[in-house]
Structure formats: C-alpha cells, structure tokens
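Visitor: A single structure is presented below for examination.
The values are calculated or read from the model by the stated rules, or taken from the named source; none is laboratory data. Just so it is clear, the model here is predicted, and its values are computed rather than measured. Using ideal geometry, Cβ is built from the backbone for each residue, glycine included, and neighbour counts are taken over all protein chains shown. SASA here: full protein model, heavy atoms, side chains in, ligands and nucleic acids out. Shrake-Rupley method; radii C 1.70, N 1.55, O 1.52, S 1.80 Å.
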Amino acid sequence: QSRRFCSTSLPLVPASASAAASAAASAPAAAAVLEHPSAGQCTNSGNMECIFFDCDDCLYKNSWATAAALDAKFGAYCEGKLGVSKSRMLELFQKHGTTLCGLVREGHLEESQVEEFLTEVHDVHLDISPDPELRKMLQSLPHRRWVFTAATPEHAKRCLQKLGIEDLFLGIVACSSAEMFARVGFVSKHDAGCFHAAMDLANVPRERAQGCMLLDDSVRNIRTARSVGWKAVLVGRQDRKGQVIQCPEADVIVNTLHEVPSALPWLFQPQEKGAPETVTQKRRPREVKPQVSSPERRVLRRVSTPLSPRRAPEEVLA
C-alpha cells in the first residue's frame, strides 16, 4: 500500500515488509493495571483492519511539555497578530468546539491565513527522545498502522522522527490539514466526520468500522471512536491537573503504550482468515522469536515451458 500524508506530499520512509506485518519481535512485558470496570473486555471479535495511533501525549509522554509549548504559541499568535484575547479564545472554543473553527467562522482569521497560522503555532521545540521499546512493540503488531492526529502532518512527522518510528506507519491522517478541511470543514478531531475520513484515507470500508482501533489520550476522541464502531484504548490515567480520568467508553485504559502488549495480548497474535474469532475461541499462543533470527523464506516456482510437462502449473515451497 502506498504511504501518504493527509495534505502533504512528504513521503514516509518505506518500511520493510517484515516491519509492517511481522510479529517477530517479542512484546515488552510491562504490567498493565486495568482499573476500569470495562478494562480487559476488548476482545478480537473479527479481523482487525487498522490501528490508529494518536500522536501527542500518546505515542510519547513528556509531562505535556509539547502541549504547553503549542498552547503558548497559539496564544501568542492570537493575541499578537489577531488581537484575540485569551478569554475570547476560550469563548470561541466553547462555542465552536475548536478555537481555530471559531477564529475562521467569526472572521478573526481568513481561510487563506490558516496554513500560515498552523505552520507558525506548530513550530515548537520537541522534547522527545527515541523509544526503542515502543519501536519493538509496533514492529510486533501484525496489523496496518496509521497515525491519527489533531495536529499538522509536518508536526506529526517530526515527532515520529524524534521517536525513531517514522518508518513503521503507512501514513498520517492530520485533522489540521488542507485535505481534511476540504473533506469535513474546520472541525475538531473528535468530530465523527474526521473518523470517517480517516477510514477512507486508510482504505477501510465504512462497514468494517469494528475492525478499527484507536489509541488516544483524549476522552472526547475515545467517545467518538466508540460511537462510530471502533474499539478504543485510553492511553493515560491522569489529566494535566493530576486528576484521575473517568472514561467509561474506553474498552481498556493503560498508562502508556508500553502496557498494551500485556493489556491486549490477542492484538499481537497473527490473524487467521476465515471465521471471525469470538470471545470463547482461544488460539494457541504463538511463540515469537527475535526478528533477526527469522530466516528468509525461499519461494520456488515451476514455470511451464514448451519442453516441460503441462501438469502441476505451479508449486510454491516455503
């Protein structure tokens, strides 16, 4: 499948076939304490189509340092260049769902200025380090992976590069992008239209919504994911004020993505074609070996020629 960004031609570094579909790397054994009553009830009720990962405060945790930097740049731009006070920004947010939507709808920001605005407010220092454990976990997922972010595609790409996982995703669905604005308007990520657009961009049929999963730190995004039929994992138990997050819509709650293998072990098992797996069906756990030890498969094909017998048109040995 071709790799793409939503509204940008910047290519992702192609991933090897083994990285995209192999479960060869053993999953980290982080202990996931599932405190929510519904935790652990998320089971594989059918073949997974795609897993969508939020970017900021989900793929990485840095005590909301990036979020604080983005908020500061956003406020400085609105007050310095648009003459919009912080109190007015809050009003726009409460009325329209997102401040950007309010700025555009109420004439504070022209649509022609949106790209410049987004570029400037996302130009922040990223306090993010490479995460080999996260990379190992992602490599062990035998499912298609996309990033689904409220930010710009360029910002998400920078984050992936910092983490050292840029090559492990098929693409980025960016809600703050010209393509998404053209599809659904100036709406927030938790608008159902963004989730439908994400499925379209990832080539997932709408009727296969139950085969999608979102991993996100936003309760509002988790709620929308469940409302459109996706599975949903809340990543993070506390908000920026240190309060415990309540999210009854989440199938599973984990502190970080490092806990996902122990919280959802079935997610790392190879899919079997045919009848969907139910809660009562259990497959024998697959022994996962390090990727470096997995030998390459040799494929031999017998090609029919005028001098060879016409029986047995093809044999595949692996």
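Visitor: Condition first: free of Cβ contacts under 8 Å to residues at least 12 places away in the same chain and among the hydroxyl-bearing types (Ser, Thr, Tyr). Now tell me which residues in segment 58-103 satisfy that.
Guide: Passing the criteria: 63, 85, 87.
Visitor: Kindly evaluate residue 129 against the criterion of being outside any helix (DSSP H, G or I) and on the phi > 0 side of the Ramachandran plot.
Guide: Taking the combined requirement at face value, the residue does not satisfy it.
Visitor: Ok, one more. When residue 92 is evaluated against the numbered criteria (1) modelled with pLDDT of 90 or more; (2) under 28 Å from residue 160 (Cβ atoms); (3) in contact with a Gly (Cβ under 7 Å, 6 or more places away or on another chain), which criterion, by number, is the only one it fails?
Guide: Of the numbered conditions (1) modelled with pLDDT of 90 or more; (2) under 28 Å from residue 160 (Cβ atoms); (3) in contact with a Gly (Cβ under 7 Å, 6 or more places away or on another chain), the odd one out for residue 92 is (2).
Visitor: Which residues, taken from segment 114-153, are open to solvent by less than 60 Å² (accessible area, probe 1.4 Å) and over 23 Å from the mean Cα position of the chain (by Cα)?
Guide: Once the filter is applied, which keeps residues that are open to solvent by less than 60 Å² (accessible area, probe 1.4 Å) and over 23 Å from the mean Cα position of the chain (by Cα), segment 114-153 yields 114, 117.
Visitor: Across segment 188-231, which residue is nearest to residue 147 (Cα to Cα) among those that are in contact with a Gly (Cβ under 7 Å, 6 or more places away or on another chain) and of a type outside the set (A, V, I, L, M, F, W, C)?
Guide: 217
Visitor: If you don't mind, another one. Could you check, for segment 79-98, whether at least one of its residues is closer than 24 Å to residue 201 by Cβ and crowded, with 19+ Cβ neighbours inside 10 Å?
Guide: Within segment 79-98, one or more residues are closer than 24 Å to residue 201 by Cβ and crowded, with 19+ Cβ neighbours inside 10 Å.
Visitor: Another question about this same structure. Among the numbered criteria (1) out of contact with any Leu (no Cβ under 9 Å at 6 or more places or on another chain); (2) under 20 Å from residue 213 (Cβ atoms), which one does residue 126 miss?
Guide: Residue 126 satisfies all of (1) out of contact with any Leu (no Cβ under 9 Å at 6 or more places or on another chain); (2) under 20 Å from residue 213 (Cβ atoms) except (2).
Visitor: Tally the residues that are in a helix (DSSP H, G or I), modelled with pLDDT of 90 or more and either of a type in the set (Ser, Thr, Tyr) or open to solvent by 60 Å² or more (accessible area, probe 1.4 Å) (or both), restricting the search to segment 99-112.
Guide: The number of residues fulfilling the criteria is 3.
Visitor: Every residue in segment 159-172 that is buried (at least 19 other Cβ atoms within 10 Å of the Cβ) and assigned to a helix (DSSP H, G or I), please.
Guide: 159, 160, 163, 168
Visitor: Looking for something free of Cβ contacts under 8 Å to residues at least 12 places away in the same chain and over 28 Å from residue 115 (Cβ atoms) - is there at least one such residue anywhere in segment 162-183?
Guide: no
Visitor: Right, here's the next one. Just checking, how many residues over segment 57-73 are open to solvent by less than 50 Å² (accessible area, probe 1.4 Å) and over 20 Å from residue 219 (Cα atoms)?
Guide: Residues in segment 57-73 being open to solvent by less than 50 Å² (accessible area, probe 1.4 Å) and over 20 Å from residue 219 (Cα atoms): 1 in total.
Visitor: May I ask you to list pairs of residues, at least six apart or on different chains, whose Cβ atoms are under 6 Å apart, with the first in segment 227-244 being farther than 14 Å from residue 51 by Cα and in contact (Cβ under 8 Å) with a residue 24 or more places away in the chain and the second being of a type in the set (Phe, Trp, Tyr) and open to solvent by less than 90 Å² (accessible area, probe 1.4 Å)?
Guide: 228/195; 240/64
Visitor: Another question, if that's okay. How do the strands (runs of 3 or more DSSP E) wholly within segment 208-278 filter down when requiring 1 or more residues that are of a type outside the set (Val, Ile, Thr): which remain?
Guide: 212-216, 231-235
Visitor: Ok, one more. In this structure, does residue 151 turn out to be assigned to a loop (DSSP other than H, G, I, E, B) and of a type in the set (Gly, Ala, Ser)?
Guide: Details: assigned to a loop (DSSP other than H, G, I, E, B): yes; of a type in the set (Gly, Ala, Ser): yes.
When the stated conditions are applied, residue 151 passes them.
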